[in-house]
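Read the structure below first, then the notes.
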Amino acid sequence: MSEQTEEIKKKTTAEKNIYSNINVPLEEFDWSVHESGIKSEEKEGREKIKALYNENLSTINEHEILKGVVTKILEKEVIVDINFKSEGVISLNEFRDNLHLKVGDVIDVMVEKREHKGQLILSHRKAKTLRAWERAKEAYKNGEIITGKITGRTKGGMIVKVLDHIEAFMPGSQIDHKPLSNFEAFFTEAYNKTMEFKIIKINHEFKNIVVSHKALIEADIEKQKKKFMSELQPGQVIIATVKNITGYGAFCDMGGVDGLVHHTDISWKRINHPSEVLKINQEVKVVILDFNEEKNRIQLGMKQLLPHPWDNLDENIKPGDKIKGRITAVTEYGAFVEIEEHPGVEALLHVSEMSWSSQLRLAKDFVKVDDVIEGVILTLDRQERKMSLGMKQLTPDPWIDIKNKYPAGSKHLGIIRNFTNYGIFVELQEGVDGMVHNSDLSWSKKIKHASELFKVGDSIETVVLELDINSRRLNIGHKQLNQNPWEIYEKKYALDSIHIGKITDLFDKGATIQFEDEDIQAFSPFRYLEKQDGTRAKKDEELPFKVIEFSKEFKRVVVAHTSTFRDEEKKNVDEVMKKQRVEKSTLGDLDGLAKLKKQMERNN
């Protein structure tokens, strides 16, 4: 009875354990409990099934992107089989852009979360977005072309939807190779239309993408340009459209390929700016002058298609002829003159040929643009197409009779035209200039620069000092109009003469002494300023001074106060010494005579 009861208890416990595993998910199934109530044969079969199950079911990680099969479409959810222990669930809202979704469709899903009981929460939208980002990175890396649609407009550019799920930004500068004048019109026309783009920038941190449509256009243009340039030949004539005008020329569009017409190649006539001749969008006929395939540069010309103006220049025109023309340009070195009745033929009028004056001024001082002038042809080279004119040749050369007009010593009134560091240039008449050296401006004043006394435009009296006809040089002076006062001072302030002077300044080496003549400012060394009472002379004292040095050439006077009394003292001492020498000499003579007398007596 007891053995039978024990067996029933074991059986009942096993059955309870087995029933405890009913309706339990596989991952929560307690195999140890189940194995306690099954036979060894069944246990071996169970192990085989478990191994086969684990082999066919994959391990799932959160945020992993997988392929799934739609198994059910419910009212608010879509059930997807991703070959896992349990199926996943996706909200039906994520399929609003896929109205034709049906059971059996294979879709991309991302595992968002695994719930406690094994249920998988999936996302189709996030999977598509991540797939799109991976595709965008690959396209950016490989420089691929992608498609998209312009879906909106923002400040500075357009919003573009690319790869079906990513919103990218296209700056206004990346829309077209030509600047857009009307963004609103472009947006209206291109809205929601499929276009091609190229990714030019990706910001991984902020998940931003910048695309360009211009890059594709430029790439096509570059291909066309290379093909176009490979077929170019110098001298080829093409119809082009003026695209842009600058100060140095005009850029012309030759059907997607640009070339430059330099401003010097626009017209045979001189022009100040290309806009004087050309306008934007104007069609012009151009000729290929030169091109560089490597640098993609094309040099065009317009004037080369027209006859050269020099070809029609009158054959009878020769050097020495008088001719009229209009000033077309003024530079520092001269002016360009367009010859009357010969448009496009220009001559150079150098500034040195505008006036006989040797003082070269700026050309703008003589002429200005649009002035009509008359000149003499100086040189004419038809082969080199060069001509030079002169204006001063219309009047006689003032230096022809210069010797009679300006002999040495003659006085003339002139106008100061220019200052230099060494003097001034004075215009005596048109074409005759003389130079006054700084040293010839004043007898007494030491002048560092003539602007201390005069200014440009002042009238000045001069006297001719020297005339060099060959070199066309005229040296004139101003101070020579008056007698040199230092010739008078030389006599008045002779050596050893004494004059009363006033100490005006004291410094380390001596003092400045002012005498009654304003021009005479003497110098007294420090050692000669001691007075008779032993004290030193002070500023503003008036004392007698003796002249100890005088130089008319260097206008230098050196004086001494001490000499005025010490020389007298020395004179008195010399007289005393002389007297003493005379007295000693007399006594000595008497003593000698006495000795001589005694000697003669002994001899006798």
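Read-outs throughout are calculated quantities, based only on the coordinates presented, and are distinct from any laboratory measurement. Predicted model, so just to flag it, every value in this text is computed and none were measured. All Cβ positions, even for glycine, are placed from backbone atoms using ideal geometry, and neighbour counts span all protein chains on display.
Dipole magnitude for the range 485-561: about 240 debye, using +1 per Lys or Arg Cβ and -1 per Asp or Glu Cβ, origin at the Cα centre. A straight chain from SER442 to THR379 at 0.36 nm per residue would run longer than the Cα-Cα distance by 18.0 nm. Peptide packing for 451-459, 437-445 was compared via the average number of neighbouring C-beta atoms within 10 Å per residue; ordered from the highest value, the list is 437-445, 451-459.
Find how many whole Å separate the alpha carbon centroid of the range 200-262 from the alpha carbon centroid of the range 291-338. That distance is 32 Å. The order of the peptides 367-374, 228-235, 417-424 by mean Cβ neighbours within 10 Å, most packed first, is 417-424, 367-374, 228-235. Of MET170, MET254, the sequence from fewest to most neighbouring Cβ atoms within 10 angstrom is MET254, MET170. Measuring between their Cα centroids, the range 74-118 and the range 355-430 lie 101 Å from each other. Using the Cβ-Cβ distance between SER91 and ASP176 with R0 = 51 Å, the FRET efficiency computed as 1/(1 + (r/R0)^6) comes to roughly 0.75. Backbone phi angles across the range 313-320, fed through the Karplus curve with coefficients 6.51, -1.76 and 1.60 (θ = phi - 60°), yield HN-Hα couplings of 5, 3, 5, 7, 5, 8, x, x Hz in residue order; Gly and Pro are listed as x. Whole-Hz Karplus values for the range 443-452 come out as 6, 10, 7, 8, 9, 7, 8, 4, 5, 5 Hz, taken residue by residue from phi with 6.51 cos²θ - 1.76 cosθ + 1.60 and θ = phi - 60°; glycine and proline positions read x.
Pairs of lysines in the range 402-481 whose Cα atoms sit within less than 24 Å of one another amount to 13, provided the residues are eight or more positions apart or on different chains. Hydrodynamic estimate: the Kirkwood radius of the range 309-394 over Cα pairs, inserted into Stokes-Einstein at 25 °C and 0.890 mPa s, corresponds to D of 191 µm²/s. For ASN142 and LEU362, the difference between the fully extended length at 0.36 nm per residue and the C-alpha to C-alpha distance is 72.9 nm. Using only Cα coordinates, the Kirkwood hydrodynamic radius of the range 232-305 works out to 12.1 Å.
Dipole magnitude for the range 461-506: about 80 debye, using +1 per Lys or Arg Cβ and -1 per Asp or Glu Cβ, origin at the Cα centre. In the calculated pair-distance distribution of the range 101-168, the portion above 13 angstrom amounts to 73 percent of the Cα-Cα pairs.
Using r as the Cβ-Cβ distance of ASP81 and HIS204, and R0 as 35 Å, what FRET efficiency do you calculate, to the nearest 0.05? Let's see the in-between values first.
Values: r = 33 Å, r/R0 = 0.96.
Step by step, r from the Cβ atoms, then E = 0.55.
Taking other Cβ atoms within 10 Å as a rough exposure proxy, MET387, MET195 sort from fewest to most as MET195, MET387.
What the phi angles of the range 165-174 give under the Karplus curve with 6.51, -1.76 and 1.60, with θ = phi - 60°, is a coupling list of 9, 10, 8, 10, 10, 10, x, x, 6, 9 Hz, glycine and proline written as x. Cα-based values for the range 65-128, radius of gyration first and Dmax second, are 10.6, 33 Å.
If you take the Cα atoms of the range 485-561, find Rg, then find the Kirkwood Rh from the mean of 1/r over all pairs, what is Rg/Rh?
Working: Rg = 11.8 Å, Rh = 12.4 Å.
Result: Rg/Rh = 0.95.
Listed by Cβ neighbour count within 10 Å, with the fewest neighbours leading, PHE183, PHE197 appear as PHE183, PHE197.
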